[in-house]
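To start, the structure itself, in structure tokens.
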């Protein structure tokens with residue numbers, strides 16, 4: 001008896017699990033069974049496979065067919081199991097020698113091979129685990145699968161093409177190699193991509209020079225940033241323009257962003273743009289962090305991976321949400337625990353928040369009178385706990401605008417400076433940008449001059465700074481020193497970093 005098998009995979013969260021698809025054909029009452037914790041969409045594949053084979057003039061064998069998805073203790077889902085199951089049945093009398101090839105594809109009733117949104121995350125995860133070298137995939141998926149390097153893809157449009165390729169062991173189908181149509185930097189033999197396109201511009205923001213300087217520092221090092229000011233002073237305008245001046249991306253980061261977009265059901269454009277996610281303050285915890293009773297779904301925090309998560313009207317978000325945000329800000333990942341699933345998503349985000357100084361918004365106004373009582377102001381501000389605020393690197397109190405204010409710096413100029421600072425960080429040998437440095441990396445890269453060390457020690461004693469606050473000040477000072485073209489962190493760099501610390 002010939003027992004053939006093909007390789008496929010199923011997705012658990014963002015990680016693919018290798019699945020062997022194997023089949024036996026035994027004498028007995030004709031039947032067709034799929035075993036191995038197969039979900040409903042895989043069980044339904046039996047009818048699609050039957051129809052696809054029969055409409056392509058293949059005789060369905062009058063035998064008892066058992067298809068096993070191994071290992072059997074992993075729950076499998078996805079319509080991409082159609083094609084390997086159909087190939088096992090069509091080639092049941094042929095000994096298949098190449099057992100290392102992966103096969104993915106949904107089948108139409110006429111035998112057309114179709115793509116699914118799960119293919120990209122699955123194949124990218126297999127590549128990250130060094131499990132895949134070649135794969136038969138739907139032809140209509142090759143436009144985005146070609147972004148994944150070092151995999152030989154055999155693109156097929158119909159079931160008959162896949163059968164012919166497997167039976168003849170002919171995998172000479174040419175595939176394209178994608179070259180990103182973007183500006184790039186080559187630093188330490190690694191290429192980074194970016195675009196200089198600005199749909200909305202910082203030049204539109206009148207005045208607010210301190211806030212724009214803080215925005216430049218925040219973008220250069222991907223530091224968490226919080227703006228406080230009266231309604232209409234430009235907080236949201238700054239936040240919306242952030243994504244156009246963020247640092248370049250390498251190919252790995254771009255693929256990771258694309259994987260999360262596919263998990264959200266969106267086909268990405270693969271442009272070197274960091275995401276900006278801005279959930280409303282009425283959003284549920286499940287929509288922000290991900291969740292679901294049966295299958296864990298990706299949330300806004302994970303979708304902001306390698307980009308910005310912007311919370312406007314910050315104190316209006318539910319306190320449990322703000323407290324739960326502490327974990328991804330610290331650990332750069334989101335853990336979702338359910339009865340049926342425990343999923344971990346990457347969430348290396350830059351957090352940007354905006355808030356009014358009080359419920360009515362006029363506490364800092366020189367022309368409007370605040371209508372809030374002291375109790376209302378205190379209750380409003382107490383919605384943000386010290387442990388949460390301790391994870392914010394840069395705080396800015398914005399001023400009211402005046403008729404004399406002008407726009408003095410463009411997004412293009414700011415982005416040029418960000419790219420220059422980015423190059424300094426990478427040339428220094430940093431894997432992470434300044435705002436994301438780990439504890440053991442801070443002492444390595446954040447080196448102070450003697451005068452600056454004295455000021456830092458004085459500030460630690462005077463303000464009773466926590467360990468996290470000290471690390472935050474060091475990282476911010478490092479970015480300011482890079483902007484000022486200082487190899488070591490100088491006194492002026494540290495003093496500016498201290499000016500952005502939160503006042504209690």
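The single condition among (1) assigned to a helix (DSSP H, G or I); (2) surrounded by 20 or more Cβ atoms within 10 Å (Cβ to Cβ); (3) in the same structural domain as residue 203 (by TED's automatic domain parsing) that residue 378 does not meet is (2).
Which condition does residue 94 not pass, out of (1) farther than 30 Å from residue 248 by Cβ; (2) at pLDDT below 95; (3) crowded, with 16+ Cβ neighbours inside 10 Å, if it passes all the others? Every listed condition holds for residue 94 apart from (3).
Among residues of segment 91-102 that are assigned by TED's automatic domain parsing to the domain that holds residue 50, those with a Cβ under 6 angstrom from a residue that is at pLDDT 80 or above and not in a loop (DSSP other than H, G, I, E, B), sequence gap 6+ or separate chain, pair up as 92/25; 94/167; 101/134; 102/7; 102/135. Kindly establish whether residue 28 is touching a strand residue (DSSP E or B) at 6+ places or on another chain (Cβ under 6 Å), over 20 Å from residue 161 (Cα atoms) and surrounded by fewer than 16 Cβ atoms within 10 Å (Cβ to Cβ). The answer is yes for residue 28. Do we find that residue 84 is over 13 Å from residue 3 (Cα atoms), surrounded by 15 or more Cβ atoms within 10 Å (Cβ to Cβ) and more than 34 Å from the chain's Cα centre (by Cα) in this structure? When the stated conditions are applied, residue 84 does not pass them. When the residues of segment 125-144 are filtered to those that are surrounded by fewer than 22 Cβ atoms within 10 Å (Cβ to Cβ) and in a helix (DSSP H, G or I), the one that is farthest from the chain's Cα centre (by Cα) is 139. Return the residue satisfying two criteria in turn: it lies in segment 463-504 and is in contact with a strand residue (DSSP E or B) (Cβ under 8 Å, 6 or more places away or on another chain) and modelled with pLDDT under 95, and of such residues it is nearest to residue 450 (Cα to Cα). Across segment 463-504, the extreme among qualifying residues is 501.
No other residue among 408, 451, 493, 443 is surrounded by fewer than 15 Cβ atoms within 10 Å (Cβ to Cβ) and under 30 Å from residue 237 (Cα atoms) apart from 408. Restricting to segment 193-235, and then to whatever is closer than 12 Å to residue 354 by Cβ and in contact with a strand residue (DSSP E or B) (Cβ under 6 Å, 6 or more places away or on another chain), can you tell me which residue is surrounded by the fewest Cβ atoms within 10 Å (Cβ to Cβ)? The selected residue is 228. Within segment 311-323, the set of residues being out of contact with any strand residue (DSSP E or B) (no Cβ under 8 Å at 6 or more places or on another chain), surrounded by 16 or more Cβ atoms within 10 Å (Cβ to Cβ) and either modelled with pLDDT under 95 or not in a helix (DSSP H, G or I) (or both) is empty.
Looking at residue 246, is it at pLDDT below 95, assigned to a loop (DSSP other than H, G, I, E, B) and under 29 Å from residue 424 (Cβ atoms)? So residue 246 does not fit the description; no. Could you list all residues from segment 272-297 that are at pLDDT below 90 and either buried (at least 24 other Cβ atoms within 10 Å of the Cβ) or in a loop (DSSP other than H, G, I, E, B) (or both)? Across segment 272-297, the qualifying residues are 290, 292, 293, 294, 295, 296.
Output the number of residues of segment 97-115 satisfying the condition of being touching a helix residue (DSSP H, G or I) at 6+ places or on another chain (Cβ under 9 Å) and part of a loop (DSSP other than H, G, I, E, B).
9
Would you be able to tell me the number of residues in segment 185-213 that are closer than 19 Å to residue 306 by Cβ, over 21 Å from the mean Cα position of the chain (by Cα) and assigned to a strand (DSSP E or B)? Adding up the residues that qualify gives 2.
Residue-wise test of (1) within 14 Å of residue 482 (Cα to Cα); (2) outside any loop (DSSP other than H, G, I, E, B); (3) without any contact (Cβ under 8 Å) to a residue 24 or more places away in the chain.
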| site | (1), (2), (3) |
| --- | --- |
| 402 | no, no, no |
| 417 | yes, yes, no |
| 421 | yes, yes, no |
| 435 | yes, yes, no |
| 441 | no, yes, yes |
| 444 | no, yes, yes |
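The values are calculated or read from the model by the stated rules, or taken from the named source; none is laboratory data. Every value quoted in this text rests on a predicted model; they were computed, and no experiment measured them. In this analysis, Cβ positions are derived from the backbone assuming ideal geometry, glycine residues included, and neighbour counts consider all displayed protein chains.
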